[in-house]
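Here the structure is laid out as structure tokens; the discussion comes afterwards.
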Amino acid sequence: MALAGCTGGQDTDSDSGGSTGGSGPIQLTYWHQEAPPQRQAMFEEFTERFNAEHDDIQVEVQGQNWGSVFSKLTSALEAGNAPDFLFSLPAFTMDFQARGELVDVTDIVEDINSEHDMYQSAISPFQYQGGTWGIPMWDMVFLNHYRTDTLGQTSVWPPQNWDEWLQASAEVTGDGQYGTVMPASSTLWTTENIYTLMINNDSYVYGPDGNVMFDTPETVEVLDFYKQMYEQSSPDTTSWSWGEWETSILRGTAHSTIGFSSWMRRLVDTEFADDFSAIPQPYPEGGSAGSIHYVNDVMVFNEEKKDAIGTFIKWMHSEAIYGDWLAKTEPTLYLPVTKTGEESEDFWNHPVVSQYEPSVRAQFEALPDARIYGFRDIHVENDLYIPSVGLLESSNVLADVVQELVVNDRTPAEAATWGQETMQELLGLEPSSSL
Amino acid sequence: MVGIALVAPAILVILIALVLPFIDAIRASTLNRVTGEFVGLEHYLWLFTDGPFWGSLRRSLLWTVGNLVLQGAAGIGVALLLQWHFRGRDAIRTVILLPFVVPSAVTAITWRWLLNTTYGPLNSWLVDFGVIAGSFNPLNDPLTALGGVVLINTWRWTPLVALVVFAVLQTIPREEYEAARMEGAGYLREFWHVTYPHLSNSLAVLGLLGFLLTFNIFDLVWLLTAGGPVDATNTLAVLIYDVAFAMRNIGRGTAISVVLFVLLFAFVIGYFQQEEFKEGGQFE
């Protein structure tokens, strides 16, 4: 009964969430899922600025949240009242592209690229099936953020490999203090952490043929390391989400984290404001530099209003707006995906970005090596199209592997096998021929 | 005719808000929602053979029965305590309602903070006072997580049970207690022979409503544990959300919803077979 309301609606062609122009301005509606209040306020503020400068296009912003947007969007598309465009992520974008819901935005991306020099690493996750299905808006990358006054003072910092990283973390763990935060909850946060380590050890979910290639010696090594590193982390992380993660850092009980820098905005108000820095992810000998990143994009549903949507997006990317918008919305976390943005004075002059400039610059340095599931080198080289990445991400199956590892105390080999079998069934794929 | 005309609006609302969506849900449960392809009973076959249905059903029953037993016992106990006259009784009667009026999200956030072993106060107090040797969060352990959420939900709903029971207790004639004491009845026999007979009707209704409401509770479980760790708290309500929205399989999720509805409907029919609800019974 609970789902009946979500499955209702007619199968109409996708229409606009706003009205067509007629004699008045073109009305646009967009959704975003940035729940924190200050992010919502900035989306509203900049949208209002656009509206004030454009009599012919009026834009309405509607804030959603990631937990409910899939069902809401699915229902809205079925009912024919989907937003005109929506802020998204690579896997989410591919999911709706596979359903035939998206408009090709190659022309908009090319226009922005030619004017502002957009980074190819930001565009690649949206180029497949002969089109470009998302307009990159900002990037976010994992780094190893650490306490300079504790971890930074250990005998093996900065660590040159996983053994040294483990050793350094163990040196500061004890008496309710933890060298790191290693998540073990069934959440995207855990998925991102385990996948970052998989990147570092050349471990994959998908093989070069697009089938599941998870149960490999490399994955077993990752899980083995994860289980050891988990010993340096609060045991509570089996039920933590983003809020508890940030709180543990800001309260000083966790001395490092591999993750985004969203908490830095609040760090300035704590006693540890001057005690954090960041380094690229340590990787094992024989492994690879890199970490996970998420290019946030705009996906477009309304072909009829594409020109107006392009006007709004290009305005957001303009020199006078882009850097200012990103820095104000979430300083240090939202990274520009164009050279114009990276060189923006408004971006670098933001007080929080300025205070933590070395960490932000380290993020830019990490971006060329940043990857995401389904879009690794072996996938891009083979021109693979893997629409199941959406389900991989939303199901948290990688996080469930971690839960099997630390909660059910499976051995790394058992957890890898469990993950392989579970992913095959969940994603409807075969074991990779490369296994 | 007048009677039919008077109930017609209500019937219309039920048709529109319940019956039609349910019929559509049955239709949706026979489809692959991505392709629109008709798959017949494939989702139901998955549910009863390969799927997690039986585990989630068992957890739902444990969750529901555990809540009802604890809430009933605690609610009656609190109501009986409030029968006594003591200083501040009226204020306490108001304060105990607070858990019930606090939104689920606030309840979940608060308890997650209280139980947090890293920076939560409860563990540090218990360790400092020597009650426990080391920090422990029941929500992290698959053996205790379900019990943990049951206790938190009990904390939340006991005030309502206590309030209903307390109201009934006010209607019991004093003379019956006096007569029982004159007969030499102790406190327990007083409760069994005087108090309980007056409570039984209310408890029957509370039991039915409590079962239906508790079985379907999603928000608190999801906010506390998201069905984990490792599915330890994955009740049917949580499973529906997980399958439909995390696994993005609305067809299967709807199938679980339909089965859940049928189960609860069968429970209601069975419940009304009790003597109290039959002709000549207390509720005739």
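Read the figures in this text as sums done on the coordinates, not as results from a lab. Owing to the predicted nature of the structure, the values given are computational and were not obtained by experimental measurement. Every residue, glycine among them, receives a Cβ derived from its backbone with ideal geometry; neighbour counts consider all protein chains shown.
If you rank A:288, B:60 by fewest surrounding Cβ atoms within 10 Å, what's the result? Walk me through the numbers on the way to the answer.
Working: A:288 14, B:60 23.
Least crowded to most crowded, the residues run A:288, B:60.
Note on residue A:364/residue B:264: beta-carbon distance plugged into 1/(1 + (r/R0)^6) with R0 of 56 Å gives a FRET efficiency of 0.50. Work through the residues other than residue B:232 whose Cβ is under 15 Å from its Cβ and net out their charges, Lys, Arg +1 and Asp, Glu -1. Net charge in that neighbourhood comes out at -4.
A Cβ-based charge dipole, computed about the Cα centre of the stretch B:53-183 with Lys and Arg at +1 and Asp and Glu at -1, lands at about 300 debye.
Give the residue from A:199, B:257, A:310 lying farthest towards the positive end of the charge dipole for the protein assembly as shown; charges sit on Cβ (+1 for Lys and Arg, -1 for Asp and Glu) and the dipole is referred to the Cα centre. Positive-end residue among those listed: B:257. Report the Cα centroid-to-centroid distance between the stretch A:211-233 and the stretch A:400-432 in angstrom, as an integer. So the two Cα centres are separated by 11 Å. Comparing mean-square fluctuations of A:390, A:259, A:174 from a GNM of chain A with C-alpha springs under 10 Å, the top value falls on A:174. A cut-off under 15 angstrom between Cβ atoms defines the neighbours of residue A:272, and their net charge, with Lys, Arg +1 and Asp, Glu -1, is -2. Once you reduce the stretch B:213-277 and the stretch B:104-146 to the center of their Cα atoms, the two points are 26 Å from each other.
At a Förster distance of 22 Å, what's the computed FRET efficiency of residue B:183 paired with residue B:83, Cβ-Cβ distance as r, to 0.05? Working from the Cβ atoms, E equals 0.65. Efficiency by 1/(1 + (r/R0)^6): what FRET value for residue B:26 and residue B:174, r their Cβ-Cβ distance, R0 = 56 Å, to the nearest 0.05? Rounded to the nearest 0.05, the efficiency is 0.55.
Using a cut-off of 12 Å between beta-carbons, work out the net charge of the residues near residue A:335 (Lys and Arg +1, Asp and Glu -1, residue A:335 not included).
Details: positive: A:361; negative: A:139, A:330, A:342, A:365.
Local net charge: -3.
For the stretch A:40-92 versus the stretch A:300-367, the inter-centroid distance based on Cα atoms is 18 Å.
When the Gaussian network model of chain B links Cα atoms closer than 10 Å, the mean-square fluctuations of B:25, B:246, B:232 top out at B:246. Within the stretch B:144-184, what residues put their amide N at less than 14 Å from the label point 7 Å along the Cα-to-Cβ vector of residue B:69? B:147-148, B:150-151, by backbone N distance to the label point.
Extension gain residue A:285-residue A:23, at 0.36 nm per residue separation less the Cα-Cα distance, in nm?
Working: separation 262, 0.36 × 262 = 94.32 nm, distance 6.52 nm.
Stretched out fully, the residue A:285 to residue A:23 stretch lengthens by 87.8 nm.
What size of dipole, in debye to the nearest 20, comes out for chain A about its Cα centre when the only charges are +1 on Lys and Arg C-beta atoms and -1 on Asp and Glu C-beta atoms? Mind showing how you got there, number by number?
Working: 18 positive and 68 negative charges, 129 e Å.
So the dipole magnitude of chain A works out to roughly 620 debye.
For chain B, what is the mean residue ellipticity at 222 nm derived from helices alone (per DSSP H run of n ≥ 4: -39500 (n - 2.57); sum divided by total residues; nearest 500 deg cm²/dmol)? Don't skip to the end; give the middle numbers.
Values: 15 runs with 184 residues, N = 284.
The helix-only estimate for chain B comes to -20000 deg cm²/dmol at 222 nm.
In the stretch B:52-248, with Lys and Arg counted as +1 and Asp and Glu as -1 at Cβ, which of these residues, B:76, B:205, B:122, has the Cα nearest the positive end of the dipole, that is, farthest along it? Farthest along the dipole direction, towards plus: B:122.
The magnitude of the dipole of the stretch A:79-198, with charges of +1 and -1 set on the Cβ of Lys/Arg and Asp/Glu and taken from the Cα centre, is near 400 debye. Checking the table A:314/A:339; A:72/A:339; A:72/A:305 against a 25 Å threshold on Cα-Cα, which pairs fail? Pairs exceeding 25 Å: A:72/A:339. As a rough footprinting exposure proxy, the listed residues A:246, A:231 were ranked by other beta carbons within 10 Å of their own, and the order from fewest upward is A:231, A:246. Here the protein assembly as shown carries DSSP beta bridges of which approximately 65% are antiparallel, counting only pairs with both residues inside. Along the axis of the charge dipole computed for chain B (Cβ charges of +1 for Lys and Arg, -1 for Asp and Glu, origin at the Cα centre), the listed residues B:14, B:103, B:41 are led at the positive end by B:103. Computed from Cα atoms, the angle from the helix A:37-53 axis to the main principal axis of chain A rounds to 30 degrees. Note on chain A: GNM, Cα springs under 10 Å; of A:286, A:63, A:374, the largest mean-square fluctuation is that of A:286.
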